[in-house]
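Step one of this worksheet: look at the structure below.
The values are calculated or read from the model by the stated rules, or taken from the named source; none is laboratory data. What you see is a predicted model; the values in this text were computed from it and never measured. Because the Cβ atoms are built from the backbone with ideal geometry, glycine has one as well, and the counts that use them run over all protein chains shown. To get the accessible areas, we keep the full protein, side chains included, count just its heavy atoms, and leave off ligands, DNA and RNA. Shrake-Rupley method; radii C 1.70, N 1.55, O 1.52, S 1.80 Å.
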Amino acid sequence: MSTTVVVGTQWGDEGKGKFTDLLARDMDMVVRYQGGHNAGHTLMVDGETFKLQLVPSGVLYPHITPLIGNGVVIDPVVLIEEIDRLSAVGVDCSRLMVSGNAHLIFPYHQALDVVAERHLGFNKLGTTKRGIGPAYADKAARVGLRMQDLLDPKIFRQKLAVVLHDKNPFFAKVYNRLPFDLDALAEQYLDECGPRLSSYIGDTVGLLHDALEQGQHVLFEGAQAMYLDLDHGTYPFVTSSNPVAGGVCVGAGIGPRYIDRVIGVTKAYVSRVGAGPFPSELTDDVGDHLVDVGREYGTNTKRRRRCGWLDIVMLRHAVRVNSLSDMAITKLDVLDNLDPVKVCVAYEVDGQRYQTMPYHQSEIHRAVPIYEDLDGWGCDLSGVSARSELPKQAEEYLCFIEEQVGVPITLVGIGPQRHQYISFSPLS
Ligand code: GDP
Ligand code: IMO
Ligand code: MG
């Protein structure tokens, strides 16, 4: 038995999907533990591209059992579309199991997300407008409906009636919006989604523990990332779940003593989509270069991602909070033609130097990055297949990160395809 967590160390889109898919080769089960269809995980295998939002990235392998844990919020319409889309290209989703305790996203959650952002105006968070925050808010307020309610029409209608009684007047008075209709929602969720999803809904905690007791290897796939974490991220510019490794315990139903390995997936530079502080952000030609070469546009929302140099200050803190055992560096190839390659090693805030993340949020907004310049390698890494083939400067860049962060690098991505990686140690 072994358990591995894949967690993003920056602001998302580090390449978690690619490395989850890669590592899943040697696993038995892949589990999503938080987030929802705000995630967009891209896999490229033999020239084919798969964009996953809810279905775990291990699904491409027939030997994997993919689980969606209780900590995930699910728009059932999107889940059905995703299953259909995958099935249409020959991916077998029949082994997928979804926790009956996972909360449902409704159209009123999405509507709330949209109007809340509009209301915030200039101060908007730049959410994905998928209803994620409002769905988690209802979960915390104990008025959420869950996947298991799709299978129980009486309970479903009772709960939804209570929710709409509360929300509809709010929509009408505050936002001048038409009310949401109980019968129409019940028809869509109970009559259409329920029957389509019933065979997938079950006790994922039980399945997970059965697998562990049988000595199987389980991978937990994080969505979003450390700095989008509700508690540990750059609040309020965060998502509404806990992507950090600790989130696995709650969102999948496993005790901390069972977690063996935590891999921090880290882009060789940094990207962020949506609003919020970003000390090493580049708004110059180099930033544009990273966007162009790295194809930094949202997997689902297509939004242009903000880009900047690698930030070691963020990583040092991510190591602590997630107890990272090792790191996977992705998109090293995107830096191929940059010289020098800069790395942010500290922040300066009001004359004070910080090696680790300032605790006060407004200091992160004012942080001035302190850079070290490293030599670029000026050649194409995309065909490299072993560490020994890396140019000296690329090797030095990776060693510099290891020294500064204090955690070994075990995997390096040098292209988007599944086979474009270098392993610095055995995969499992
Ligand atoms: P995730 O949300 O963390 O799974 O990441 P996304 O899939 O949203 O974004 C990562 C993007 O980078 C995707 O388009 C991947 O195909 C691509 N990608 C992943 N690893 C590499 C890599 O090592 N090199 C390059 N050039 N692209 C990569
Ligand atoms: P993956 O799993 C990058 C960002 C949004 C916004 C903030 C809150 O692909 O790495 P939300 O809709 O969650 O309430 O939006 O979080 N965000 C992501 N950014 N990658 C993601 O997922 C993200 N999921 C949410 O852009 O800033
Ligand atoms: Mg993504």
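At a glance:
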quantity: Qualifying residue in the stretch 380-399 (condition: within 16 Å of ligand 2 (Cβ to nearest atom), among the small types (Gly, Ala, Ser), crowded, with 17+ Cβ neighbours inside 10 Å and not in a loop (DSSP other than H, G, I, E, B)); calculated: no
quantity: Output for the stretch 28-42, where each listed residue is assigned to a loop (DSSP other than H, G, I, E, B), under 27 Å from Arg257 (Cα atoms) and open to solvent by less than 10 Å² (accessible area, probe 1.4 Å); calculated: Tyr33, Gln34, Gly36
quantity: Restricting the stretch 146-170 to residues that are in a helix (DSSP H, G or I) and free of Cβ contacts under 8 Å to residues at least 12 places away in the same chain, the residue that is surrounded by the fewest Cβ atoms within 10 Å (Cβ to Cβ); calculated: Lys154
quantity: Subset tally (residues that are over 18 Å from Gln224 (Cα atoms) and not β-branched (Val, Ile, Thr)) for the stretch 112-136; calculated: 10
quantity: Members of the stretch 394-405 found to be in contact (Cβ under 8 Å) with a residue 24 or more places away in the chain and farther than 15 Å from Thr330 by Cα, listed by number; calculated: Phe400, Gln404, Val405
quantity: Count - residues of the stretch 336-379 that are without any contact (Cβ under 8 Å) to a residue 40 or more places away in the chain, of a type in the set (A, V, I, L, M) and open to solvent by less than 30 Å² (accessible area, probe 1.4 Å); calculated: 3
quantity: Hey, Val59 within 15 Å of ligand 3 (Cβ to nearest atom), touching a strand residue (DSSP E or B) at 6+ places or on another chain (Cβ under 7 Å), of a type in the set (A, V, I, L, M) and under 27 Å from Arg295 (Cα atoms) or not; calculated: no
quantity: Scope the stretch 1-23; condition under 20 Å from Thr65 (Cβ atoms) and either assigned to a strand (DSSP E or B) or within 13 Å of ligand 1 (Cβ to nearest atom) (or both); matching residues; calculated: Ser2, Thr3, Thr4, Val5, Val6, Lys16, Gly17, Phe19, Thr20, Asp21, Leu22, Leu23
quantity: Selected residue [crowded, with 24+ Cβ neighbours inside 10 Å and closer than 28 Å to Arg295 by Cβ] from Val45, Val72, Val78; calculated: Val72
quantity: Test for Val59: is it open to solvent by less than 40 Å² (accessible area, probe 1.4 Å), at negative phi, in a loop (DSSP other than H, G, I, E, B) and at pLDDT 95 or above; calculated: yes
quantity: Selection from the stretch 217-254 of residues that are away from ligand 3 (no atom under 16 Å from the Cβ) and charged (D, E, K, R); calculated: Asp231
quantity: Yes/no for Val343 being in a strand (DSSP E or B), at pLDDT 95 or above and under 30 Å from Asp203 (Cα atoms); calculated: no
quantity: Residue satisfying condition, being farther than 20 Å from Ala140 by Cβ, out of contact with any Asp or Glu (no Cβ under 9 Å at 6 or more places or on another chain) and modelled with pLDDT of 95 or more, within set Val77, Val73, Val98; calculated: Val98
quantity: Residue within the stretch 280-294 that is touching a strand residue (DSSP E or B) at 6+ places or on another chain (Cβ under 9 Å), open to solvent by less than 50 Å² (accessible area, probe 1.4 Å) and within 14 Å of ligand 2 (Cβ to nearest atom) present; calculated: yes
quantity: The stretch 188-245, residues that are within 30 Å of Ser362 (Cβ to Cβ), charged (D, E, K, R) and either within 16 Å of ligand 1 (Cβ to nearest atom) or in contact (Cβ under 8 Å) with a residue 40 or more places away in the chain (or both); calculated: Asp229
